[in-house]
Every structure is written in structure tokens, then in C-alpha cells.
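J.: Sending over a structure as C-alpha cells; questions will come in a sec.
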Ligand SMILES: [Ca+2]
Ligand SMILES: [Ca+2]
């Protein structure tokens, strides 16, 4: 039944080709996109289907624990998205097709419903929506100022941890980035992640330390201004 609905999204001319080749084309272009690895379910079947009025319904994506469903209108520029997200969360998503990510503007239609206007026409066969990458950001100066590095934690799984036993000795941050011992003063932590910051090496709790699942604007609040020596990051 679902496969029959899928055929409705292809142009009329293609319908007289073969239904099978149209469907394969849709599936392969979707699976070739690397934007689907964050989707909640690994659907090996149809990635998109058509709604009653001909709009293309994209694969639902989970963002901050809520499912978001978007339909691309026939003009390939306007989408309607529904889910328990606020405006800020909506603005953090990414629309991606074969030509790359697409800038967009978002406006609220009603509760939990948004209109998205893309900056260019989207390739409906390969368009996906995905959460923005998640970063923990470490700043040299309080209130997110000065030198900083972004640590991509998008793919960190529950039960895994990113650790640095000693910032000077190891200096092995991802992508060859590093941060000096005793220099950190503020951190940004996205929802769903936790950071532990210790004055001492090897997560030793004999010195000052803080465990936080939200932004810390000033580590001085915890006696950690220019003191952090070891860090552990986990996903909740
Ligand atoms: Ca500092
Ligand atoms: Ca220290």
C-alpha cells in the first residue's frame, strides 16, 4: 500500500516508464545522502511518500527527544513542519539535498507547526532534515569569550565517554585541537550531554570539580577559574 503511494510523487511522465525504476531512483538517492545516519530508525524501505495533496513527506527526524515531520510543497521551496519543538530548536535543524545544505527562514504558523521557506529549490528526491551537529564549546574566558574550541559530540553514544586526563600531558582533543591546562573559564553544553570539569588530573575529586548538563558561563562560580585540568564528556 505504501509503495503505491510513493509512485504519486514522481512526475506524470515517469509513471509511464516503470514504477519500479522510479521507486529505486527515490530510494537510492536518499540512501546516498549521508544525512540519514541520525534518523531514529534505520528504514531500509521508502524514505519519502506523498500525502493526499501531492506534497512530499520527509522521513521524521528526532530532535531533542521530539519527532519532527516535514512536508515539502509542490513548489519545492516551502515546507510545513510539525513537532514539539520551539522556534529556536526549529532554527537549529539542517535541510540537506544532493547540492548541500539549504538556508531557510522559519515562521510559526500555530502551536507546534512551522512554515519553512528555503533559499533555493530543493531536490525533493534527496531532501532530508536532520539535527544540527552537537558541539560542546570550551572557552578560555568567562561568558564565552576569547579563544575557544568546538568538540563535535554528535556521534557520541550513551555509555561512551570523551576524556582528557590531563590537558597539558595529553593535549589530544579531537582534530588535533588542544586546550592549555588551567585556562578554561566557560563551557557551552547542548541538551542531552554532560561535562565534568576537574581542577586535578585524572578526574580526581580531591580538588574542585563541577558536573553540569547545561552551559557554565563562569567556572569561577565553582572555584575553577583557570584551574581545569581534566575533562570527561558523556551523553545522558
Ligand atoms: Ca582563562
Ligand atoms: Ca588544575
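The values are calculated or read from the model by the stated rules, or taken from the named source; none is laboratory data. Note that the coordinates shown come from a computational prediction; the quantities given were computed from them, not determined experimentally. We place every Cβ from the backbone using ideal geometry, glycine too, and count neighbours over all the protein chains shown.
J.: Would you tally the residues in segment 97-130 being buried (at least 19 other Cβ atoms within 10 Å of the Cβ) and in contact (Cβ under 8 Å) with a residue 60 or more places away in the chain?
T.: Matching residues across segment 97-130 total 8.
J.: Can I ask one more? I'm checking my understanding of the structure. Among residues of segment 188-209 that are within 26 Å of the chain's Cα centre (by Cα) and within 15 Å of ligand 2 (Cβ to nearest atom), which one is farthest from residue 85 (Cα to Cα)?
T.: Ranking the candidates gives 197 first.
J.: Which condition number in (1) at pLDDT below 95; (2) away from ligand 2 (no atom under 13 Å from the Cβ) is the one that residue 221 fails?
T.: (1)
J.: Here's something else I'd like to know. Return the residue satisfying two criteria in turn: it lies in segment 199-217 and is within 16 Å of ligand 1 (Cβ to nearest atom) and farther than 18 Å from residue 149 by Cβ, and of such residues it is surrounded by the most Cβ atoms within 10 Å (Cβ to Cβ).
T.: Going through the qualifying residues, I end up with 199.
J.: To continue, here is another question. With respect to residue 135, is the statement that it is more than 16 Å from the chain's Cα centre (by Cα), surrounded by fewer than 18 Cβ atoms within 10 Å (Cβ to Cβ) and under 24 Å from residue 188 (Cα atoms) true?
T.: For residue 135, the condition - more than 16 Å from the chain's Cα centre (by Cα), surrounded by fewer than 18 Cβ atoms within 10 Å (Cβ to Cβ) and under 24 Å from residue 188 (Cα atoms) - is not met.
J.: Take the conditions modelled with pLDDT under 90 and within 16 Å of ligand 2 (Cβ to nearest atom) and apply them to residue 230. Does it pass?
T.: Considered against the rule, which asks whether it is modelled with pLDDT under 90 and within 16 Å of ligand 2 (Cβ to nearest atom), residue 230 comes out as no.
J.: Any chance segment 158-173 includes a residue that's under 26 Å from the mean Cα position of the chain (by Cα), surrounded by 19 or more Cβ atoms within 10 Å (Cβ to Cβ) and modelled with pLDDT of 85 or more?
T.: yes
J.: Can you tell me which residue among 35, 65 is within 16 Å of the chain's Cα centre (by Cα), closer than 30 Å to residue 235 by Cβ, modelled with pLDDT under 90 and surrounded by fewer than 18 Cβ atoms within 10 Å (Cβ to Cβ)?
T.: Result of the check over 35, 65: 65.
J.: Given the options 27, 108, name the one that is more than 20 Å from the chain's Cα centre (by Cα) and modelled with pLDDT of 50 or more.
T.: Criteria check complete, one pass: 108.
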